[in-house]
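The values are calculated or read from the model by the stated rules, or taken from the named source; none is laboratory data. What you see is a predicted model; the values in this text were computed from it and never measured. Cβ sites come from the backbone with ideal geometry, for glycine too, and all protein chains shown count toward neighbours.
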Amino acid sequence: MKKNLVTRRVGSLLLLLENRETPRDLEWDYCLDLLGGFAANFFEVKVLVVTEGGGPSMSQRARLSGVARGHPLRVAVVSESMKVRFIVSSVALFLRDISSFRQSEVYQAYEHLRMSPPEQSAADRNLGEMRNELALFGSPFFPAR
């Protein structure tokens, strides 16, 4: 079955990699479960989203709001998609520290998240593995390396 979203927790970093499609509810629920695992330490969480254009539906965004419950979350979304920029704007109504970046601005996204050099290396390595996983499950947008 084709995957639309792969999510991974790496220390205090939550990585989301999406193709151009809306995540399936099962994929989104797994992401929210990982995010909810930070509940006691939301101030430490750094969320990095890299997407080819996919993003959560309105109902999925509502569930995200419920998990975040007004806690401060630092989020960086890397995408070239205008649709994603709209989604980021709507999420900014309840997550004020969310910003979007173009692919060429990935290091600015890392700065926004206040990622250390080892965290940046870990993110790069994990995103590469996640791209391969997304490709293995039939995503035409992230070809295997």
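Here is a yes/no grid of residues against (1) more than 11 Å from V49 (Cα to Cα); (2) part of a strand (DSSP E or B):
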{"residue": "A76", "(1), (2)": "no, yes"}
{"residue": "R96", "(1), (2)": "yes, no"}
{"residue": "V106", "(1), (2)": "no, no"}
{"residue": "A109", "(1), (2)": "no, no"}
{"residue": "M115", "(1), (2)": "yes, no"}
{"residue": "P118", "(1), (2)": "yes, no"}
{"residue": "N126", "(1), (2)": "yes, no"}
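Spot the failing condition for V49; the list is (1) under 10 Å from the mean Cα position of the chain (by Cα); (2) part of a loop (DSSP other than H, G, I, E, B), and only one is missed.
In the conditions (1) under 10 Å from the mean Cα position of the chain (by Cα); (2) part of a loop (DSSP other than H, G, I, E, B), V49 misses (2) alone.
Does any residue of segment 20-38 turn out to be assigned to a loop (DSSP other than H, G, I, E, B), touching a residue at least 24 places away in the same chain (Cβ under 8 Å) and either closer than 22 Å to Y107 by Cβ or of a type in the set (F, W, Y) (or both)?
Within segment 20-38, one or more residues are assigned to a loop (DSSP other than H, G, I, E, B), touching a residue at least 24 places away in the same chain (Cβ under 8 Å) and either closer than 22 Å to Y107 by Cβ or of a type in the set (F, W, Y) (or both).
On the given criteria, is L73 under 23 Å from E111 (Cα atoms) and either surrounded by 14 or more Cβ atoms within 10 Å (Cβ to Cβ) or free of Cβ contacts under 8 Å to residues at least 40 places away in the same chain (or both)?
Yes; evaluated as a whole, the condition is true for this residue.
Could you look through segment 66-79, keep only residues that are modelled with pLDDT of 95 or more and out of contact with any helix residue (DSSP H, G or I) (no Cβ under 6 Å at 6 or more places or on another chain), and pick out the one that is nearest to L14 (Cα to Cα)?
Restricting to residues being modelled with pLDDT of 95 or more and out of contact with any helix residue (DSSP H, G or I) (no Cβ under 6 Å at 6 or more places or on another chain), the top hit is V75.
Would you check if R131 is surrounded by fewer than 21 Cβ atoms within 10 Å (Cβ to Cβ), modelled with pLDDT under 95, part of a helix (DSSP H, G or I) and basic (K, R)?
Yes.
So is A109 over 28 Å from S59 (Cβ atoms), touching a residue at least 40 places away in the same chain (Cβ under 8 Å) and either out of contact with any Pro (no Cβ under 7 Å at 6 or more places or on another chain) or of a type outside the set (G, A, S) (or both) or not?
no
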